[in-house]
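The structure under discussion appears below in the form of structure tokens.
The values are calculated or read from the model by the stated rules, or taken from the named source; none is laboratory data. Quick caveat: nothing in here was measured; it's all calculated off a predicted structure. Every residue, glycine among them, receives a Cβ derived from its backbone with ideal geometry; neighbour counts consider all protein chains shown. Just the protein is used for accessible areas: all its heavy atoms, side chains included, with ligands, DNA and RNA removed. Shrake-Rupley method; radii C 1.70, N 1.55, O 1.52, S 1.80 Å.
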Amino acid sequence: KQWYQRRVAITAGMIAVDHSPADIEKHFAPLVKRLSQGDWFTSRTSACGLYAACYPHVSVALKTELRMMFKCLCTDDTPMVRRAAASKIGEFAKAVEMEHLKGEVIPLFNSLANDEQFSQDSVRLLAVEAGITIAGLLTESDIETLLLPMFRSAASDKSWRVRFMIADKFIELQRAVGPTITKNHLVFHFSGLLKDVEAEVRASAANKIKEFCTNLPDDIQEAVIMPNILPAVKELVCDTNQHVKAALASVIMGLSPIMGKDNTIQHLLPLFLILLKDEHSDVRLNIISN
């Protein structure tokens with residue numbers, strides 16, 4: 001069903017490009033309206049993927065109406081509709097003008113990202129990916145003001161699935177927000193994810209250690225890694241979950257070029273040896289293979 005809806009949205013975008021604004025306002029926009037106002041939640045969920053294709057090609061008055069209708073979908077009583085809106089709000093954000101992005105779309109996004117109605121963590125976890133897309137459209141100062149609170153909240157969300165999602169997407173988030181915000185804010189949260197109470201979250205974050213450290217500016221790598229990342233790595237080496245250790249073993253060797261010869265010998269080499277002697281074969285295999 002989700003695949004079908006994605007294909008419909010992609011096809012709708014292709015159709016919109018090939019038709020005049022007059023045709024879109026006459027035929028396509030009414031379709032979006034009809035689906036958005038349907039009695040069955042299935043029609044409203046299908047509508048969410050059509051807004052980004054329709055919005056750029058219509059009049060100012062109709063754009064205002066479309067934004068209002070999308071707002072209704074984001075605040076719909078049915079969780080499935082809000083979930084669909086959360087999955088498509090990033091695409092819609094790319095289509096709207098900057099003033100409306102900041103004034104209307106981002107407040108809607110933050111509402112979805114903090115969706116507590118019926119404890120819908122499925123809405124909040126979809127909002128993580130949308131937030132990364134939106135961050136790519138903003139300046140660093142706007143990200144810090146408008147989006148950073150949401151990313152902080154997601155990194156400590158009560159649902160492990162939301163924390164897993166942000167751990168899984170952390171490299172994309174790091175690239176979207178830039179080095180300054182990464183240094184000032186994300187390092188703390190990445191370190192927290194490496195120490196998460198859920199093994200799935202720790203494993204996902206551990207798998208990102210090498211890339212996260214590589215993406216740091218050269219002049220701050222050692223200053224960030226030694227006090228923030230290395231202590232967490234030392235804990236993960238002795239983790240009780242074999243999948244966490246296997247994930248770490250697959251990337252830990254990649255820290256050597258970043259940390260330099262002396263730090264590798266002093267800090268990393270003992271950790272390599274511990275992993276090489278691990279009781280689980282997949283951990284030993286990963287350290288050898290990488």
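Phi-derived couplings, Karplus 6.51 cos²θ - 1.76 cosθ + 1.60 at θ = phi - 60°, listed residue by residue for segment 87-104: 6, 10, 5, x, 5, 5, 4, 5, 8, 7, 5, 4, 5, 7, 4, 6, x, 10 Hz, with x used for Gly and Pro. Under the combined filter of DSSP loop state and at most 12 neighbouring Cβ atoms within 10 Å, segment 58-161 retains these trypsin sites (Lys or Arg not before Pro): LYS158.
Accessible area per residue of segment 157-205 at 1.4 Å probe, in Å²? The partial results should precede the final answer.
Values: 2020 Å² over 49 residues.
Heavy-atom SASA per residue in segment 157-205 reads 41 Å².
Heavy atoms only, probe 1.4 Å: what % of the accessible area of the chain goes to carbon and sulfur, would you let me know?
On the way: 7660 of 13890 Å².
Carbon with sulfur: 55 percent of the solvent-accessible area.
Computed from backbone phi, the HN-Hα couplings of segment 20-31 come to 6, x, 5, 5, 5, 5, 7, 10, 7, 4, x, 4 Hz, rounded to whole numbers (Karplus: 6.51 cos²θ - 1.76 cosθ + 1.60, θ = phi - 60°; Gly and Pro given as x). Cα centroid separation, segment 206-271 to segment 27-80: 46 Å.
Amide H contacts for ASN241 (H built 1.01 Å from N in the peptide plane; partners 5 or more residues away or on another chain; cut-off under 5 Å): none found.
An oblate overall shape is assigned to segment 122-262, the ratio a/c of its alpha-carbon gyration tensor axes (a ≥ b ≥ c) being 1.5 or greater and a/b not exceeding b/c.
For the chain, adding -39500 (n - 2.57) for each run of n ≥ 4 DSSP H residues and dividing by the number of residues yields -18000 deg cm²/dmol at 222 nm.
For segment 259-290, the set of trypsin sites (Lys or Arg not before Pro) satisfying both a DSSP loop assignment and a count of at most 11 other C-beta atoms within 10 Å is given as LYS277. Computed from backbone phi, the HN-Hα couplings of segment 144-159 come to 5, 7, 9, 10, 4, x, 5, 5, 4, 4, 5, 5, 10, 4, 5, 8 Hz, rounded to whole numbers (Karplus: 6.51 cos²θ - 1.76 cosθ + 1.60, θ = phi - 60°; Gly and Pro given as x).
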